[in-house]
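What follows is one structure encoded as structure tokens, with my remarks underneath.
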Amino acid sequence: MSGNVENLYCQRTSPSWTSRLARALRPPDPLLRNPRELEIDAPLGRWNLYIGGAGSVVDGYVSIDLVPLAGVNVAGSAEQLPFRSNLFQRVECDAVLEHVEHPECVMAEITRVLAPGGFAHVVVPFCHPFHEYPRDFRRFTPDGLRQYSNGLQVIAEGWRTGPTATLLVFVLEYVKVWLPWRPLRAVAHGALGWLLFPFRYLDLILFRSARARQIGNHCYIWLRKPAS
Ligand SMILES: C[S@@+](CC[C@H](N)C(=O)[O-])C[C@H]1O[C@@H](n2cnc3c(N)ncnc32)[C@H](O)[C@@H]1O
């Protein structure tokens, strides 16, 4: 079941020549991140937690993931964080809630381990293809995500990736639905990815539109635990 997570990790780090070639030929992401997402003054503290990083090492963070890949500091579930309460100044939870059975437990755990005055940054998909890491249970609207805020203050919210990202990722997936062989899907993904990625810059305009929410790709929320 954890195969997809391990594949994701291998694609990023494997030293084999086929993986290096795949990385070299890999088209740029069809997604462009909203620059406003990170315009938040939320400094790291002594202890910061990265949930579900799939083995990527992020400076300044302790990482926890269900799958014990290299780079993961603690293997375990975000539904039951093995840390004391009020410890972390920053918690990152990026594209994880759709993969857990009980997102409300994860959000309760984030609330518990956040230090008073600490910040949580949570990102979830709204319109995005099915992807099992290692399972895929649900999608979220911004209203739905806000419902999990558990008494934390909502500092900011918006779209991490916009309508053009949605369109491009679905076109890529649609074409691959027609192709029965994995190598063919990889070639199609590469060729179409290079052809389509420049359109991602349209999201820089669409992020400003209220209508982006009709088919936005991933949304984010910044939450703060009251200082006392
Ligand atoms: C879609 S990947 C996101 C990876 C990374 N945040 C990124 O954006 O590249 C989801 C990650 O969440 C992890 N995950 C899934 N269920 C989890 C759980 N219950 N507790 C902790 N991590 C979990 C998976 O192992 C995977 O690494």
Given the conditions (1) modelled with pLDDT of 95 or more; (2) more than 30 Å from S19 (Cβ to Cβ), which single one is not true for A227? (1)
When you go through R135, R112 one by one, which is the residue that is of a type in the set (K, R) and not in a helix (DSSP H, G or I)? R135
Among the residues that make up region 179-186, is at least one of them closer than 18 Å to P103 by Cα and modelled with pLDDT of 95 or more? no
Sort out which residues of region 122-149 are of a type outside the set (D, E, K, R), over 21 Å from V5 (Cβ atoms) and touching an Asp or Glu at 6+ places or on another chain (Cβ under 8 Å), and write them in order of number. P142, L145, Y148
Please name all residue pairs, on different chains or six or more residues apart, with Cβ atoms under 9 Å, provided the first residue is in region 5-26 and is closer than 30 Å to V100 by Cβ and the second residue is open to solvent by 80 Å² or more (accessible area, probe 1.4 Å) and more than 13 Å from the ligand (Cβ to nearest atom). Q11/R23; Q11/R26; R12/R23; S14/R20; S14/R23
Within region 77-108, take every residue that is open to solvent by less than 20 Å² (accessible area, probe 1.4 Å) and assigned to a loop (DSSP other than H, G, I, E, B) and give me the one that is farthest from the ligand (Cβ to nearest atom). L81
Among the residues of region 47-56, are any open to solvent by 40 Å² or more (accessible area, probe 1.4 Å) and modelled with pLDDT of 95 or more? yes
Looking at R26, R12, which one is open to solvent by 80 Å² or more (accessible area, probe 1.4 Å), within 11 Å of the ligand (Cβ to nearest atom), at pLDDT below 95 and not aliphatic (A, V, I, L, M)? R12
Please specify each residue of region 63-76 satisfying the condition of being in a loop (DSSP other than H, G, I, E, B), open to solvent by 50 Å² or more (accessible area, probe 1.4 Å) and of a type in the set (G, A, S). A70
If you check V124 against the conditions, is it in contact with a Cys (Cβ under 7 Å, 6 or more places away or on another chain), within 11 Å of the ligand (Cβ to nearest atom) and either aliphatic (A, V, I, L, M) or at pLDDT below 95 (or both)? yes
Pairs please, first residue from region 121-134 and in contact (Cβ under 8 Å) with a residue 12 or more places away in the chain and hydrophobic (A, V, I, L, M, F, W, C), second anywhere and within 11 Å of the ligand (Cβ to nearest atom) and assigned to a strand (DSSP E or B), Cβ atoms under 8 Å, 6+ apart in sequence or on different chains. V122/C93; V122/D94; V123/C93; V123/D94; V123/R160; V123/H218; V124/H218; F126/H218
Any hit, region 146-159, residues being of a type in the set (G, A, S) and either open to solvent by 60 Å² or more (accessible area, probe 1.4 Å) or closer than 23 Å to L8 by Cβ (or both): yes
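The values are calculated or read from the model by the stated rules, or taken from the named source; none is laboratory data. These numbers were taken from a predicted model, which means no experiment stands behind them. Heads up, the Cβs are rebuilt from the backbone with ideal geometry, glycines too, and the neighbour counts pull from every protein chain shown. Please note that ligands, DNA and RNA were not included when accessible areas were found on the heavy atoms of the full protein model with its side chains. Shrake-Rupley method; radii C 1.70, N 1.55, O 1.52, S 1.80 Å.
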